[in-house]
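Inspection log for the structure reproduced underneath, given as structure tokens.
The values are calculated or read from the model by the stated rules, or taken from the named source; none is laboratory data. Just so we're clear, the structure is a prediction, and the values are computed from it rather than from any experiment. Neighbour counts run over all protein chains shown; Cβ positions are idealised from the backbone, glycine included. What goes into the accessible areas is simple: the full protein's heavy atoms, side chains included, and nothing from ligands, DNA or RNA. Shrake-Rupley method; radii C 1.70, N 1.55, O 1.52, S 1.80 Å.
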Amino acid sequence: MTDRWSDTRRKLEEIQVGPSGPELVVLDVTTSTNDVARELAGRGCPEGSLVVAACQTAGRGRLGRNWQSQEGGLWFSLVLRPGSRMVPVFRLALVSAVGSAEGLREKTGLAVGLKWPNDLYIGGKKVGGILHELGQDWVVVGVGINVNQVAWEGEPATRPTSLRLETGQVHDLEPLLAVVAGRILLRYRQACSGEWEQVREAWRALSVMLGQEVVVTLPDRSLAGLASDIDEDGNLLVKVGGALVTVTAGDVLLTRAKGRSPGRDA
Ligand code: BTN
């Protein structure tokens, strides 16, 4: 399988973010690419190293959810070391979301948008998501994109979509990976060189939720309001009865999400 991924290898080397060349691990099947990446990171692999698998038997999502990872999707994890570059970890959610959406747009021309903190949406349906896991001196950025699937097991609470369903075409995973991973690394490099504002502005432009009514589920309560902006640290600002509430973590439901295109409301 390795030869097929030479574009990705080249891209990782071209946008090398660490002092030494990144590793590329290609697997047919694994529990979760995040598991393998965590192990590599713990063993001191170079920053920018990437693990990709054709299928995951125990793919996981945010908030402890299961992530269906059958063959046909793009499942990969990147190892970053933001601590050594003075990039606050909480900003990585927006960095990786912007990079992923831009990569998908570039390869497919689809209007991929973002729901805070880092869900990828097309026309009101989720097409991908990102899970960050933190270690002492590393962050694993796990990206899952529904590419060629046309059906999911069981009845997911909200029906997802895939690039194939949106375009009617089967997509090659390898060129997609090279572009999406490359875009994430470029946005990461930008954040590392003090250009966080550009990343934040790009996130706003891609957002499908700013200016929308949302319900946020927090561990102890839920709140309804208007998604107004993201702050300096990447937190979501929700206007609730005239006051701005800062949301640092939680699940956000758009109460009128259907078909919204990315971009900020006036
Ligand atoms: C979410 O939307 O909840 C995040 C989903 C993240 C899924 C990806 S697939 C590659 C990596 N490995 C995992 O087990 N999860 C992430």
Apportionment of accessible area to carbon and sulfur, the chain, percent (1.4 Å): 49
Using the heavy atoms of the protein chains alone and a 1.4 angstrom probe, what is the accessible area of the range 207-251 per residue in square angstrom? 44
For a protection proxy built on the mean count of beta-carbon atoms within 10 angstrom, sort 214-222, 227-235 highest first, please. 227-235, 214-222
Could you compute the FRET efficiency for Ala224 and Ala151, with r as their C-beta to C-beta distance and R0 at 41 Å, rounded to 0.05? 0.80
Along the range 221-226, Karplus-curve 3J(HN,Hα) (6.51, -1.76, 1.60; θ = phi - 60°) to the nearest Hz, with x for Gly and Pro, reads 6, 10, 9, 10, x, 9
May I ask you to derive the FRET efficiency for Ala58 and Arg4 from their Cβ-Cβ distance with R0 = 35 Å, giving the value to the nearest 0.05? 0.90
Under a 1.4 angstrom probe, counting protein chains only, how are Tyr188, Tyr121 ranked by accessible area, largest first? Tyr121, Tyr188
Check His132: other-chain or 5+ apart residues with amide H under 5 Å from its amide H, H built from backbone geometry? Gly142
Helical contribution to [θ] at 222 nm, DSSP H n ≥ 4, -39,500 (n - 2.57), averaged over the chain, rounded to 500: -8500 deg cm²/dmol
Using a probe radius of 1.4 Å on heavy atoms only, what accessible surface per residue do you get for the range 6-206? Whole Å² is fine. 41
The chain, relative contact order in percent, only Cα pairs under 8 angstrom and at least six apart counted: 18
Can you list the residues, at least 5 places off or on another chain, whose amide H is less than 5 Å from the amide H of Ser228, using H built in the peptide plane? Gly211, Leu237, Val238, Lys239
Around Ala54, which amide H atoms from residues at least 5 apart in sequence, or from another chain, sit under 5 Å from its own amide H, with H modelled in the peptide plane? Leu27, Asp28, Val29
To make sure I understand the rule: partners must be lysines, Cα under 18 Å from the Cα of Lys115, and not fewer than 8 residues away in the same chain. Which ones qualify? Lys125, Lys126, Lys239, Lys258
Averaged over all viewing directions, the convex hull of the alpha carbons in the chain casts a projected area in nm² of 13.6
Could you please state, rounded to a whole Å, how far the C-alpha centre of the range 94-140 is from the C-alpha centre of the range 167-185? 12
HN-Hα J couplings of the range 118-131 from phi, Karplus 6.51/-1.76/1.60, θ = phi - 60°, integer Hz, Gly and Pro as x? 7, 8, 9, 10, 10, x, x, 10, 7, 10, x, x, 9, 10
